[in-house]
1. List the strands (runs of 3 or more DSSP E) inside region 455-502, counting only whole elements, that have at least 1 residues being under 12 Å from residue 443 (Cβ atoms).
2. Residues in region 640-649: is at least one closer than 15 Å to residue 519 by Cβ and either in a strand (DSSP E or B) or within 28 Å of the chain's Cα centre (by Cα) (or both)?
3. I need the full set of residues from region 457-470 which are more than 30 Å from residue 528 (Cα to Cα) and surrounded by fewer than 16 Cβ atoms within 10 Å (Cβ to Cβ), in order please.
4. Give the residue that is modelled with the lowest pLDDT, with candidates limited to residues of region 414-428 that are over 16 Å from residue 451 (Cβ atoms) and within 30 Å of the chain's Cα centre (by Cα).
5. Taking strands (runs of 3 or more DSSP E) that do not extend beyond region 327-383, which have at least 1 residues that are surrounded by fewer than 19 Cβ atoms within 10 Å (Cβ to Cβ) and either at pLDDT below 95 or in the same structural domain as residue 401 (by TED's automatic domain parsing) (or both)?
6. Cβ-Cβ distance below 7 Å, separation of 6 or more or different chains: which pairs start in region 584-601 with a residue that is within 15 Å of residue 525 (Cα to Cα) and end on one that is assigned to a helix (DSSP H, G or I)?
7. Taking residue 321, is it out of contact with any helix residue (DSSP H, G or I) (no Cβ under 7 Å at 6 or more places or on another chain), in the same structural domain as residue 491 (by TED's automatic domain parsing) and touching a residue at least 60 places away in the same chain (Cβ under 8 Å)?
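The values are calculated or read from the model by the stated rules, or taken from the named source; none is laboratory data. From a predicted model like this one, the values you see are computed outputs, not experimental measurements. When we count neighbours, we look across all protein chains shown, and the Cβ atoms used for this are built from the backbone with ideal geometry, even at glycine.
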């Protein structure tokens with residue numbers, strides 16, 4: 001059975017990441033490098049505080065986020081980046097823009113040699129403004145961008161290109177944070193540091209940072225308006241108790257920062273940024289109707305033919321088929337009857353009657369979860385309709401032309417495609433007018449009954465083509481050229497099929513806290529893949545950035561969790577503490593030589609304190625990973641990964 005093939009298979013030690021969005025919030029962004037504040041702020045609670053630093057390398061860019069607040073009095077947020085060999089361990093004062101020469105003589109930790117410097121500041125200059133500078137240290141080169149958000153000290157925007165950077169810098173700032181660390185010099189609650197989710201976000205092209213090939217190092221701190229009185233808010237954090245550094249490291253004002261030597265403070269006042277694990281998602285499930293052999297079947301994109309199994313007989317004419325955007329309902333149109341298939345039993349339940357179009361050749365859900373698009377073949381060509389499949393009511397968009405479009409599918413960014421069986425070509429279709437744009441030939445002589453559907457998680461357009469006389473092919477279509485790459489022949493099946501790829505095919509889950517750095521200098525990273533549908537019993541946990549040859553196990557919680565910092569002397573925080581923590585301790589994992597572990601879950605056998613339980617649809621569960629580590633002094637300790645939570649349906 002397909003389910004057993006997927007669950008029992010060796011699990012992947014890679015993790016899935018979505019594209020990072022610069023909007024002033026870390027919510028929904030997959031920052032896999034992070035550090036947190038451990039000292040209360042000397043620059044004012046919710047005025048000048050740095051709660052956490054986050055970074056990810058994505059698409060040739062460095063995405064950097066700092067949660068907290070920057071006071072609107074032109075105090076400075078200083079961001080130093082060490083990305084290439086060389087640089088300044090002791091600041092020279094060049095280029096000196098915005099009086100940054102007042103920092104000349106400041107000494108970083110021994111391993112940190114700054115190459116680039118960003119200055120963020122906000123205040124009132126005849127109205128609220130937010131300014132950003134970017135400079136190449138040790139040179140006269142800098143770019144200064146006043147009033148980035150056009151009359152506001154908060155917002156989203158871009159700056160450049162400039163003389164020091166050839167690509168734009170994306171920037172966003174939100175001052176919405178009202179949580180985070182308190183004011184003072186003492187130890188900060190790490191639970192408070194975790195709680196902040198808004199602040200400054202930046203995106204910088206790696207080419208503008210010298211095309212780094214190794215780890216990037218970042219040092220961030222808050223400074224006063226004249227760049228000559230440093231706060232106690234650094235990332236990585238200073239050790240408590242610690243008051244403001246001032247200009248001499250002791251809190252005194254000297255007019256410069258020449259008296260600050262970060263080597264005199266315990267630990268490192270910078271954090272490292274490395275690549276995230278790449279992605280190899282689980283095979284996406286496919287459901288289909290075989291019109292020649294009268295059956296509803298299921299399979300997956302990994303092995304379309306061999307993994308097929310019949311769910312139920314079906315003697316109707318399935319003219320169009322697709323999953324709802326959330327992947328929970330499989331909708332079909334049979335003549336003028338709309339309805340859903342039960343993906344467990346295969347039973348078809350009529351829902352209503354199609355209103356508007358006289359027939360359907362293709363159906364696709366839009367990513368917004370509201371709109372559905374339908375193609376209708378007529379004697380003169382094909383029409384495009386938009387509507388609601390749950391009511392069956394559709395409105396005419398326009399004519400696609402004289403082509404016979406046998407199926408349509410929309411990708412994850414709302415671009416609609418169709419297959420023209422008249423000319424054997426792929427079309428891009430305007431959703432406002434129906435106007436087609438010819439992309440190119442598929443390279444296959446198509447007959448009737450073609451079916452296409454996107455896997456939104458990978459962007460791949462899968463196709464099952466009827467080539468005539470029982471011959472067929474399963475493959476993927478290049479949406480730039482239209483060409484089909486055949487994955488396998490379906491001729492042995494002697495079938496004519498309509499298919500739907502179920503996406504979201506992976507668990508819709510979110511991280512509820514970040515891990516602490518371990519002996520690798522990175523936090524362990526937990527990711528979940530699989531299916532949110534409980535009936536699929538497809539869920540897999542993976543953890544990366546673990547110390548080599550480290551033992552550990554997963555823990556779970558079905559309750560609303562709370563955070564306990566440094567439990568039992570650990571170097572991390574358990575973020576899913578509850579009275580019902582279950583331990584997967586009979587499935588102890590070893591990170592081996594890869595620094596990664598994985599665990600396929602059987603959702604019917606989840607450990608709880610006194611028994612094994614079966615997860616029910618409609619419930620929310622959380623997972624985290626506990627593991628052994630070594631202290632810098634050589635002693636043994638333990639740590640935790642980030643935690644993730646998922647709702648099953």
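1. Correct list: 460-468, 471-477, 484-489.
2. Yes, the conditions are met somewhere in region 640-649.
3. Matches in region 457-470: 468, 469, 470.
4. In this case the residue turns out to be 414.
5. Per the criteria, 337-341, 348-353, 372-378.
6. From residues that are within 15 Å of residue 525 (Cα to Cα), the pairs are 599/587.
7. So residue 321 fits the description; yes.
Yes/no matrix, rows are residues, columns are (1) modelled with pLDDT of 95 or more; (2) out of contact with any helix residue (DSSP H, G or I) (no Cβ under 6 Å at 6 or more places or on another chain); (3) not in a loop (DSSP other than H, G, I, E, B):
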site	(1), (2), (3)
140	yes, yes, no
147	yes, yes, no
152	yes, yes, no
164	yes, yes, no
172	yes, yes, yes
192	no, yes, yes
200	yes, yes, yes
